[in-house]
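Heads up, the thing below is written out as structure tokens.
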Amino acid sequence: MNQTMHRYIDPHIHLTSRTANDLAAMRANGIVAVIEPAFWLGQPRTSAGTFRDYFSSLVGWEHFRAGQFGIRHYCAIGLNSKEANDERLAEEVMELLPQFIHKENVVAIGEIGYDDMTPAEEKYFRLQLELARKHELLVMVHTPHRNKLKGTLRSMALCLEHGLEPERVIIDHNNEETVPHTLQQGFWAAFTIYPKTKMSNERMVEIVRRYGSRQIIVDSSADWGLSDPLAVPKTAALMRLRGIPEADVQAVCYGNALVAYGQAGNFRESDWLGPCTVDQREFFAGNTVLRGQEPLVAVLAEGALPESACLIE
Amino acid sequence: MDIRAVSRSVLAHEFLEFVTVRHLDLAATAWLDGTLRLLAREDSPTILAQAFDTAARRIPVCNLELSSTELADAQRRRPGWQPQHWNTLQAARTLLVLALRHQPPEMYVPLLDGLFTTASEPGLVALYQSLPVLPYPAAWERRAAEGVRSNMTSVVRAVALANPYPAEALSEGAFNQMVLKAVFLDLPLAEISGLARRANSTLADMLLDFARERFAARRRIHPELPEVAGPFLSEEQKRQLDRMMKG
């Protein structure tokens, strides 16, 4: 990999809905680590088994798949706000959570919070905040896209009510209205760069210009909708173009995510900076250490994937 | 009850405890010791499942660094067992799983099933690696065949390579699928235990077909393929394969 290339973390992306092409492009553009929070799949699930298999994919197949492209994959596990509204199912999912929250690549409970701000959503939001407090886990909070300011303020109030430290909670999908409150209360303020419906690149530049980089994190939340898995590196590029100091760019596109989620203990720079030498057979970035082939990224730069990489039947 | 399998589990447990603990600091040793004793007392699937997960935080990971004497000892305890690539976390997880080995199959098999179902990628690798030393060997056949179907190459390797279990337990069809997948993934066939013993003419035919497919696509044919298929091919087939290998 080009030594002077910038490194990025995308701490909120739904890789389950993204293709291998996206993964290749992400890696080629400097994304070294991602966090994939548990969410819904576009329409309501109807049985707990599908949640179990989905959580299983976050700690198994998605983790492996991203690894084939040299991207270290982490995840958050939780019952999302939309599906919390099916209370019968929600009860079953709550039973499943302890079976996944301690897995190797799980860094937080998430993404949880409010969607419409119903009593059911609040009930399971609170129960999961309790789970996070009990097991000393970080929390990734999804703030509603409607009634956002009220929802964000209420989300933060609940976190504090349940005894969570603000620096151990990441409030996502902030905007110009919510950010002063999120920052002032000591929470991490993440912003989702998602065309049209959430934050835009240009607006993000101005937020950093105004507030600096402290406590601010940029992510893509790229999913099956019209979204961009390269949102983080593109935002960084725009910031540089618009004269944002380099230290701030690196903080919001890499360093702050590392500090925030690094508190989990299993989200470490050493995971992606050097090759893993513990097990010679480890399969990462499309080749084994033993086979000693050309690094995948070098080949990606030439525009072709090596034949033996990412073989899927 | 398979007496041989039971004694293998005991002997493996003893071996793993010795070769693992020497790599652990006091905190890790205390955790492992305490957890194994708790499991022996409580017999609890929930405690096992949680310990299996949290072991990743408690056990510092490094290769077991087994000497050739120790590897020979492993073979004596469990013929065909090749833990040379195992790390401390995999060994610790195997110890945790073996802690409940005295349970009857109607309890033990669902317990392991539960672990397989919710396992992370590293967890699956540890479980499939441990198959040769688990009690009730016949119970894991379906799982092993499923492991071969995995899209996660690390998992396929854990089943197929340096593992005596598939050659002993898989049906001919399932074993053949494993070899074919290994060829497809460019894995080292020499590391498939019992391959020479279990190779058969159906497998040879499948491999020859696959070689023809690769040749037609002008793609590399696995260099170890002729050795596996050869003994079952006719002279004419062998000549054809030879020509294709030479490109």
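The values are calculated or read from the model by the stated rules, or taken from the named source; none is laboratory data. This one's a predicted model, so the numbers in the text were calculated from it and none came from an experiment. Neighbour counts are summed over all protein chains in view; Cβ atoms, including those assigned to glycine, are modelled from backbone coordinates with ideal geometry. Quick note on the areas: whole protein, heavy atoms, side chains included, nothing else; ligands and nucleic acids left out. Shrake-Rupley method; radii C 1.70, N 1.55, O 1.52, S 1.80 Å.
Descriptive notes on the structure:
- Charge tally in the Cβ shell below 12 Å around A:Gln263, where Lys, Arg are +1 and Asp, Glu are -1, A:Gln263 excluded: -1
- Between the listed residues A:Ala25, B:Gln84, B:Ala27, the Cα displaced farthest toward the positive end of the dipole of the protein assembly as shown, a dipole computed from Cβ unit charges relative to the Cα centre, is found at A:Ala25.
- The amide H of A:Glu111, built 1.01 Å from its N in the peptide plane, has A:Ala38 as neighbours under 5 Å, considering only residues 5 or more places off or on other chains.
- Normalised by residue count, chain B yields a Cα convex hull volume of 128 Å³ per residue.
- Seen from every direction in turn and averaged, the convex hull around the alpha carbons of the range A:1-133 projects onto 8.5 nm².
- Per-residue surface analysis assigns A:Tyr254 an accessible area of about 30 Å², computed on protein heavy atoms at 1.4 Å probe radius.
- Over every Cα atom in the protein assembly as shown, the radius of gyration and the widest Cα-Cα span, Dmax, amount to 25.3, 81 Å.
- Rounded accessible area per residue of chain A, 1.4 Å, Å²: 40
- Computed with a 1.4 Å probe over protein heavy atoms only, the accessible surface of chain B comes to 44 Å² per residue.
- A DSSP coil position with no more than 15 other Cβ atoms inside 10 Å describes the following trypsin sites (Lys or Arg not before Pro) in the range B:187-236: B:Arg218, B:Arg219, B:Arg220.
- Across A:Lys148/A:Lys198; A:Lys103/B:Lys181; A:Lys150/A:Lys198; A:Lys103/A:Lys123; A:Lys82/A:Lys148, pairs whose alpha-carbon gap is larger than 18 Å: A:Lys103/B:Lys181; A:Lys103/A:Lys123
- Measuring nothing but protein heavy atoms, the accessible surface of the protein assembly as shown at 1.4 Å probe radius is 53 percent carbon and sulfur.
- FRET efficiency, 1/(1 + (r/R0)^6) with R0 45 Å, evaluated for B:Ser171 and B:Arg220 via beta carbons: 0.90
- Gap separating the Cα centres of the range B:33-111 and the range B:9-28, nearest whole Å: 9
- Restricting the trypsin sites (Lys or Arg not before Pro) of the range A:131-191 to loop positions (DSSP other than H, G, I, E, B) with no more than 13 neighbouring Cβ atoms within 10 Å leaves A:Arg146.
- Helix-only mean residue ellipticity at 222 nm for chain A, each DSSP H run of n ≥ 4 adding -39500 (n - 2.57), per residue, nearest 500: -11000 deg cm²/dmol
- Its Cα centre serving as origin, chain B has a Cβ charge dipole (Lys and Arg +1, Asp and Glu -1) of approximately 460 debye.
- Take the Kirkwood radius over Cα pairs of chain A, plug it into Stokes-Einstein at 20 °C and 1.002 mPa s, and you get 109 µm²/s for translational diffusion.
- Taken over the range B:135-247, the percentage of Cα pairs per 5 Å bin, counting from 0 up to the bin with the maximum distance, is 2, 12, 24, 23, 18, 11, 7, 2, 1, 0.
- For the protein assembly as shown, size of Cβ-based charge dipole, Lys and Arg +1, Asp and Glu -1, in debye: 700
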